[in-house]
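Asker: Sharing a structure, written as C-alpha cells. Questions coming.
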Amino acid sequence: MARILFLHGLESRVDDDLVPEGGKARHLSARYDAGLVPLDTRRAQAHLRAGPSRYPFPGYEDAFAVPLARARAAITDETQLIVGSSFGGAVLLRLLHEEPRWTGPCIFLAGAGLKLTPHRSLPPGVRCHLIHGSADDIVPLADSQTLKDSSTTATLEVLDDGHRLVSVLDGPLDAAISRLLST
C-alpha cells in the first residue's frame with residue numbers, strides 16, 4: 001500500500017486509465033512509490049469550462065463526486081501523507097473538512113481549495129505544508145497565505161515559479177515530504 005497519495009490537478013496529463021503521468025506524478029511514483037489516484041476530473045473540467053471558475057459554480061457537487069470518492073477509496077491504514085496539486089488540493093481541502101475526514105499530514109501544491117470549495121481554513125491540528133508559485137496566474141498566492149494564516153500547524157513556502165510549480169521537483173517537495181514524515 002502507498003504511504004503517499006498524489007491527487008492531481010485538472011490539467012495533469014493522464015493515461016487511458018486516468019492515472020496521472022505528469023512530472024510530479026512520475027517523481028512521486030519513482031521516488032516514493034506513491035499512489036497516483038485516478039481522480040477522473042472530466043466532469044470538473046466540463047463544469048468549470050461552462051461557467052464561473054470559482055465557488056460556487058453550477059454543478060459543484062457533480063464536479064467533485066467522482067474525485068472525492070476515488071480519493072477516499074485510495075486512503076488506507078498505510079497512508080501517511082497526501083499531496084494535492086491545484087484541483088487535487090481542492091479535493092484534499094474537502095477531505096480535511098468533510099466526513100470521513102483525513103487527519104494526517106498533507107502538502108498543497110498551488111492548492112485551489114479556496115477557489116473551488118466553500119472551505120476557507122485548515123482544520124485545527126492538521127500538519128500542512130503549502131507550496132505556491134509567486135507568479136501563479138491560475139490560483140492566487142493569497143489563497144495559500146489565507147490557509148497558512150488559518151492554522152498554527154501550517155507552513156507556506158513561496159517559490160519563484162508559476163502555477164505548474166516546475167521547480168518544486170528541484171528539492172522543495174522532497175524536503176517537505178521528509179519533514180512531514182519524520183515528525
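The numbers here are math on the coordinates, done by the rules we state, and not lab data. Note that this is a predicted model, so its numbers are computed, not measured. Ideal geometry is used to build each Cβ from the backbone, glycine not excepted, and the neighbour counts take in all protein chains shown.
Asker: Give me the dipole magnitude in Debye, nearest 20, for the chain about the Cα centre, with unit charges on the beta carbon: positive for Lys and Arg, negative for Asp and Glu.
Answerer: With only Lys, Arg, Asp and Glu charged at Cβ, the dipole is about 280 debye.
Asker: Also, I was wondering about something else. Give the order of Ser29, Ser12, Ser182 when sorted by the count of other beta carbons within 10 angstrom, beginning with the fewest.
Answerer: Lowest count first: Ser182, Ser29, Ser12.
Asker: Another one. For the chain, what does the helix formula give at 222 nm: sum of -39500 (n - 2.57) over DSSP H segments with n ≥ 4, over the residue count, nearest 500 deg cm²/dmol?
Answerer: -11000 deg cm²/dmol
Asker: Just to check I understand the Karplus step: with θ = phi - 60° and J = 6.51 cos²θ - 1.76 cosθ + 1.60, what whole-Hz values come out for segment 120-129, glycine and proline as x?
Answerer: Residue by residue, segment 120-129 yields 10, 7, 9, x, x, x, 7, 7, 9, 10 Hz.
Asker: Can you pull the Kirkwood radius for segment 4-182, inverse mean 1/r over Cα pairs, to one decimal in Å?
Answerer: Values: mean 1/r = 0.0631 Å⁻¹.
With all distinct Cα pairs of segment 4-182 included, I get 15.9 Å.
Asker: Something else now. With the contact rule set at Cα under 8 Å and sequence spacing of 6 or more, what percent relative contact order holds for the chain?
Answerer: 18
Asker: Another question, then. Would you pull out the residues with amide H under 5 Å of Ile107's amide H, same chain only if 5 or more places away, H placed 1.01 Å from N?
Answerer: For Ile107, the qualifying residues are Ile82, Val83, Gly84, His129.
Asker: Using a 10 angstrom cutoff on alpha carbons, build the Gaussian network for the chain and name the most mobile of Ala44, Ala30, Ala74.
Answerer: So, out of Ala44, Ala30, Ala74, the one fluctuating most is Ala30.
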